[in-house]
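Every read-out reported here was derived from the displayed coordinates using simple, explicitly stated rules and does not represent laboratory data. All figures in this text were calculated on a predicted structure; none of them were measured in a lab. Every residue, glycine among them, receives a Cβ derived from its backbone with ideal geometry; neighbour counts consider all protein chains shown.
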Amino acid sequence: MAKQTPIYDHHVASGAKLVNFAGWDMPINYGSQIEEHKVVREAAGMFDVSHMRPVDIEGANARDFLRRVLANDVAKIDEPGRALYSCMLNARGGVVDDLIVYHLAENWYRVVVNAATTEKDMAWLKSQAEDFGVEVTAREDLAIIAVQGPNARELAAGVLGESLAEAAMALSRFRAAAEGDWSVGRTGYTGEDGFEIVLPAASAAECWKALLEAGVQPVGLGARDTLRLEAGLNLYGHDMNEDTTPGESNLGWTVAMNDEDRHFVGREALLMAQESGHSRRLVGLVLDGRGVIRDGAPVRERPGDEGEDGGREVDPDEAEGQVTSGSFAPTLSRSIALARVPADWAEQDALEVWIRDRWHAARVVKPPFVREGKIRISL
């Protein structure tokens, strides 16, 4: 039987289409995925992401512990109230998970891990924590509501307590504020402004209702996926996994290698990969014609004019590239994708994607496709 978040009854009352996602009954949409996508780009929408797990890291050695287990360096956020995006790596340099870490107070950090990887992440973190004497606590008593869009912060502030609301409205990007078990980060997964609110599970349904009354529209996981894809944001298990390094996933910028004395897990493997050069790259694709690019679709170089049908007899099963995330993009009114391809293909103007039993041309672009409501690529 699937788990239910504290906001489940509100989803049912709002007519949500529920699906099993990572063992949780979650809303995929409340009627129109495209309209929900647009409301986040144009106004304010909210997501129940309580299936994700806040994990508190506490103790005098919490900073040193996180400098060991994260590829990015929490020394960048020594000042409480700051946040940092990072990957956790295995010894091969593969991505165990990606997460945001919030420095909420001295010796207190909070990370939020993905729903599908929670058990794996907790086992991994606790195994690494043994030498540091820190407490690693999965906060099953907490829920998470993300409020995103150009009007999100103003509307969300009204449901926070006076002092937390004042602190939250003063936050710049990738900053956070905490009050008791509540924490608010000016972070998100949509390419729009907004807050991610971590709060006691017992208060989640009331907070959701207050946001509804303030005019924030509920948005399902379907629109969350198209929003994050337009924003060029990776999805764990699709665009990265334990067999791909950050450099193969457009996440090289999240790896801090400048401190040679910081021996984080996976550092040696990444140094070797740097020396040999990455053989694969993650690129953005835009389909100019009709059709929808789907996850897993084969990708190949565009054939020359020589040969029968320009070389289109090539078997798609032999294609060297593959779509990792693909969908129709409502803001662009066309299909887009992220695809992992041989590194030398990344400099090409166009590749081809296998859709409905034939090859279709797709332009190669550099993500993001859309950020803060603005199209960032040429159409």
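This model, with +1 at the C-beta of Lys and Arg and -1 at the C-beta of Asp and Glu, gives the stretch 231-357 a dipole about its Cα centre of some 700 debye.
A cut-off under 12 angstrom between Cβ atoms defines the neighbours of Pro200, and their net charge, with Lys, Arg +1 and Asp, Glu -1, is -4.
Here the chain is assigned +1 on the Cβ of each Lys and Arg and -1 on the Cβ of each Asp and Glu. Its dipole about the Cα centre then comes out at about 740 debye.
At full extension, Ala205 and Met272 could sit 19.2 nm farther apart than now, given 0.36 nm per residue minus the alpha carbon distance. Going toward the positive end of the dipole of the chain, with +1 on Lys and Arg Cβ and -1 on Asp and Glu Cβ, which of Ile375, Val112, Phe174 do you reach last? About the Cα centre, the residue reaching furthest to the positive side is Ile375. Peptides 131-140, 110-119, 270-279, 223-232 ranked from most to least packed by the mean count of surrounding Cβ atoms within 10 Å: 223-232, 110-119, 131-140, 270-279. Taking only C-alpha pairs under 8 Å that are 6+ residues apart, what is the relative contact order of the chain in percent? This gives 18 percent for the chain. Other residues whose C-beta falls under 11 angstrom from the C-beta of Met88 contribute a net charge of -2, scoring Lys and Arg +1 and Asp and Glu -1. Annotation: amide H of Trp108 has no partner in the under-5 Å range at sequence separation 5 or more or interchain, hydrogens built in the peptide plane. Based on C-alpha pairs under 8 angstrom that are at least 6 apart in sequence, the stretch 279-375 has a relative contact order of 40 percent. By other beta-carbon atoms within 10 Å, ranking Trp124, Trp108 with the fewest at the front produces Trp108, Trp124. Taking each residue as 0.36 nm, the span from Val12 to Met169 lengthens on full extension beyond its C-alpha to C-alpha distance by 53.4 nm.
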